[in-house]
Amino acid sequence: MASSSSCSEDQITFRTKILNRHLNPILSPTSPPNPLSSSPCLSYSPPDLAVPAAVFDTKQMRYIIDDHHIEHRDWLFNIMIQSNLFNPSIRGQRKFIAPDYNQSMEQQREITIKRIEYLRDRGVFKGWLTGESEEDELRKMAFDEVFAIYDHSLAIKLGVHFFLWGGAIQFFGTKRHHDKWLKITEDYGIKGCFAMTELGHGSNVRGIETITTYDPNAGEFIINTPCESAQKYWIGGAAKHATHTVVFSQLHINGKDEGVHAFIVQIRDEEGNVSPNIRIADCGHKIGLNGVDNGRIWFDNVRIPRENLLNSVADVSPDGQYLSAIKDPVQRFAAFLAPLTSGRVNIAVSSIYISKVGLATALRYSLSRRAFSLAANEPEVLLLDYPSHQRRLLPLLAKTYAMSFAGNYLKSIYVKRSPETNKNIHVVSSALKATLTWHNMRTLQECREACGGQGLKTENRVGHLKGEYDVQSTFEGDNNVLMQQVSKALFGEYIATQKQNRPFKGLWLEHMNGPSPVIPAQLTSSILRSSQIQTDIFYLRERDLLNRFVAEVSAHQKQGRNKEYAFSLSYQLAEDLGRAFADKAILLTSIEAEANVPAGPLKDVLALLRTLYALVILEEDASFLRYGYLSVENSAVVRQEVIKLCSEVRPHTLALVSSFGIPDAFLSPIAFDWIDANSWSSVQQ
């Protein structure tokens with residue numbers, strides 16, 4: 001009992017000393033410490049004054065990671081900053097713009113429309129649908145990324161109208177549709193939405209239950225919602241603003257189901273009145289995106305002209321004959337889904353820009369916020385000088401840089417797409433959409449925690465962004481489903497090479513044609529920093545997992561199970577393989593971006609970030625140990641090297657987040673003078 005009492009007293013004494021040091025970072029050597037005395041008031045010290053000047057050109061770094069339309073982005077940032085519609089506020093003598101999330105759902109929806117009209121009147125959307133060049137498409141993507149940085153509701157509201165409704169007209173329609181709808185859509189003369197998902201079917205588009213038949217006597221299609229599970233659900237814009245929609249429906253012709261097709265339907269008139277035989281309900285309040293009016297739609301024998309069938313893939317003649325050059329219904333369905341790739345591309349890339357917002361905020365804060373001293377009579381320590389804080393945030397910074405290069409690659413292949421490359425784009429976009437959006441949610445959570453209590457404040461953005469962007473994990477394809485599609489595509493490529501006796505080509509699978517890489521038995525710092533070694537071990541993982549996946553699925557098939565059931569039983573290997581493919585793609589695009597930079601400090605920093613990215617993947621993914629690509633001893637070496645790399649990235653942190661090129665006004669008060677931003681004078685403002 002006496003021993004227990006002594007132990008408790010020792011703990012109390014120890015805690016008192018720690019608290020005393022925390023409250024008194026600088027004690028007078030001649031005065032006895034007073035555990036109840038307070039320290040002098042803290043003052044904000046800008047991180048720019050506390051760190052050395054950047055060793056590389058931050059403007060050049062921004063050009064590398066943003067890749068295109070820098071001046072256009074900055075122009076758009078500026079016209080948003082200049083308007084009161086974007087809710088400017090002054091905090092700590094700085095101007096910030098951010099949506100007012102204290103507004104009601106109805107108010108958020110209305111201000112989103114007003115912002116769109118403001119942007120339209122300034123020519124922001126010019127060429128978004130009528131432009132036909134790669135330059136037009138990349139500029140549109142650059143602007144979409146700027147909108148995402150400001151407000152997800154604004155980006156999604158525009159995305160639904162231009163990328164989904166407008167994209168469906170472009171890709172599913174033919175000249176008659178283009179002539180009638182594209183210009184008026186670009187001018188925002190009508191408001192479009194995209195009615196694909198249903199209450200009963202989301203990812204499984206082929207299973208949707210809306211039914212369309214054809215009346216040859218009237219030359220009209222008739223659209224019906226046959227049951228409650230067939231109601232169109234989560235349709236962005238449908239609840240209040242949209243006037244037209246593209247409806248995805250099963251097409252029944254002469255008693256035969258010809259599969260999913262797309263139709264143009266007017267759902268409201270110019271005064272906002274719902275069209276006859278259509279019922280619309282609101283999906284209600286959400287955890288984010290409340291500036292988007294998601295709705296539900298029922299169709300009760302809605303008649304539309306025959307010309308409203310989007311007929312680039314298939315058509316119906318006036319007398320009711322079904323016509324399509326693609327006879328295989330599976331290939332026809334794939335052709336219908338091809339345009340959805342644009343949504344995945346935009347989601348993947350925009351998620352990385354939100355990771356940049358979170359990291360720029362949390363890392364700037366950690367370069368000015370102090371906590372605890374490590375020894376008596378010493379000042380408190382900057383958060384980012386704690387190795388544990390570096391370990392939390394700097395690997396995420398390295399990943400964000402690597403994924404930026406992957407996103408740029410994805411955009412480049414998308415704007416150069418052709419029927420021959422659509423399959424590869426589908427695989428790459430599926431893998432990156434899942435990986436980058438998962439990364440964004442993890443990054444926002446870590447940044448929220450790294451900001452402590454300040455991360456809870458909506459004005460500081462990071463915490464609130466989690467709710468706003470959580471939906472990215474499931475819309476435009478559930479991430480887990482997308483990763484399974486990646487593995488199925490790799491399986492198909494593997495089987496095709498075997499049956500056709502040809503080498504692998506595309507999807508960076510050419511490494512499968514040569515011998516398996518050999519990884520040194522003893523890994524060292526210099527070996528681990530070799531891009532060739534990093535590539536080899538990523539190749540080794542993908543090769544082995546693909547072989548295992550094919551063998552396991554084939555074994556299930558030999559036992560009499562069909563291919564889809566065999567895939568479902570092999571889901572664990574499918575997940576590992578999908579992740580391996582995505583990680584490899586990100587590493588290779590990072591190496592390619594680095595290779596285009598001349599020797600010098602900037603290239604050195606990129607190599608440092610690339611190595612940190614690669615080694616963090618080695619450390620985090622259990623498959624490297626599970627399947628023996630890394631020994632336990634080498635895994636320990638990797639872990640120590642990650643700690644060392646974090647300390648080497650630390651001096652470059654401010655320059656790296658400054659290179660994001662996000663204007664100060666689009667960040668938040670804690671990224672700058674957080675003391676002044678929380679002062680009494682700030683309250684009075």
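Table for the structure above
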{"read-out": "Inter-label distance, nm, simple model (7 Å from Cα along the C-beta direction), Ser312/Glu71", "value": "3.2 nm"}
{"read-out": "Shape category assigned to the range 155-221 from the gyration tensor of Cα positions, a/c cut at 1.5", "value": "oblate"}
{"read-out": "Nearest-0.05 FRET efficiency for Ala607 and Asn424, computed from C-beta distance (R0 30 Å)", "value": "0.60"}
{"read-out": "Solution diffusion estimate, µm²/s, Stokes-Einstein, the range 416-562, Kirkwood Rh from C-alpha pairs, 37 °C, viscosity 0.692 mPa s", "value": "176 µm²/s"}
{"read-out": "Cα→Cβ-extended label distance, 7 Å offset, between His252 and Val381, nm", "value": "7.1 nm"}
{"read-out": "Protection-proxy order for peptides 508-515, 616-623, 295-302, each taking the mean of Cβ atoms within 10 Å per residue, highest first", "value": "295-302, 616-623, 508-515"}
{"read-out": "Rough spin-label spacing in nm, given labels placed 7 Å along Cα→Cβ, for Thr497 and Leu337", "value": "2.4 nm"}
{"read-out": "Highest-first arrangement of 599-608, 585-594, 394-403, where packing means the average Cβ count within 10 Å", "value": "394-403, 585-594, 599-608"}
{"read-out": "Dipole axis of the range 588-685 (+1 Lys, Arg; -1 Asp, Glu on Cβ), positive-most option in Val632, Val597, His652", "value": "Val632"}
{"read-out": "Cα gyration tensor, the range 467-546 - rounded (a/c under 1.5), prolate or oblate", "value": "oblate"}
{"read-out": "Globularity index of the range 270-359, i.e. its alpha-carbon radius of gyration over 2.2 N^0.38 Å", "value": "1.59"}
{"read-out": "Ordering of 673-682, 382-391 by burial proxy (mean other Cβ atoms within 10 Å per residue, highest first)", "value": "382-391, 673-682"}
{"read-out": "Whole-percent pair-distance distribution, where bins are 10 Å wide, for the alpha carbons of the range 68-153", "value": "15, 46, 29, 8, 1"}
{"read-out": "Overall form of the range 560-663 per C-alpha gyration tensor (a/c, 1.5; a/b vs b/c)", "value": "prolate"}
{"read-out": "Distance violations [Cα-Cα > 26 Å] among Lys423/Lys499; Lys140/Lys457; Lys411/Lys603; Lys126/Lys175; Lys232/Lys488", "value": "Lys140/Lys457; Lys232/Lys488"}
{"read-out": "Dipole of the chain [Lys/Arg +1, Asp/Glu -1 at C-beta], most positive-end residue of Met403, Gly237, Gln557", "value": "Gln557"}
{"read-out": "Listed residue (Ser324, Ala335, Asn301) projecting farthest to the positive dipole end of the range 256-351, Cβ model", "value": "Ala335"}
{"read-out": "Lys, Arg +1 and Asp, Glu -1 on Cβ, resulting dipole of the range 586-685 about Cα centre, debye, nearest 20", "value": "140 debye"}
{"read-out": "Where only alpha carbons of the chain are counted, the Rg and the Dmax (Å)", "value": "28.0, 103"}
{"read-out": "Expected 222 nm ellipticity per residue - DSSP helices of 4 or more, -39500 (n - 2.57), all of the chain, to 500", "value": "-16000 deg cm²/dmol"}
{"read-out": "Computed FRET value (nearest 0.05) for Leu456 with Ala50, which takes r as the C-beta separation and R₀ as 30 Å", "value": "0.70"}
{"read-out": "Inter-part distance where the range 111-144 and the range 53-81 are each reduced to a Cα centre, Å", "value": "19 Å"}
{"read-out": "Computed E for Lys416/Glu592 - FRET, C-beta separation, R0 22 angstrom, nearest 0.05", "value": "0.90"}
{"read-out": "Length released on extending from Gln321 to Met105, taking residue separation times 0.36 nm less the Cα-Cα span", "value": "73.1 nm"}
{"read-out": "Label zone at Ser43, where the point sits 7 Å out along the Cα-to-Cβ direction: the range 650-685 residues whose backbone N lies under 19 Å", "value": "672-682"}
{"read-out": "Label zone at Arg548 (point 7 Å along Cα-to-Cβ), backbone N below 18 Å, the range 607-641", "value": "617-635"}
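Laboratory data are not the source of any read-out in this text; all were calculated from the coordinates shown. Quantities reported herein were computed from a predicted structural model and do not represent experimental measurements. Backbone-built Cβ (ideal geometry, glycine too); neighbour counts: all protein chains shown.
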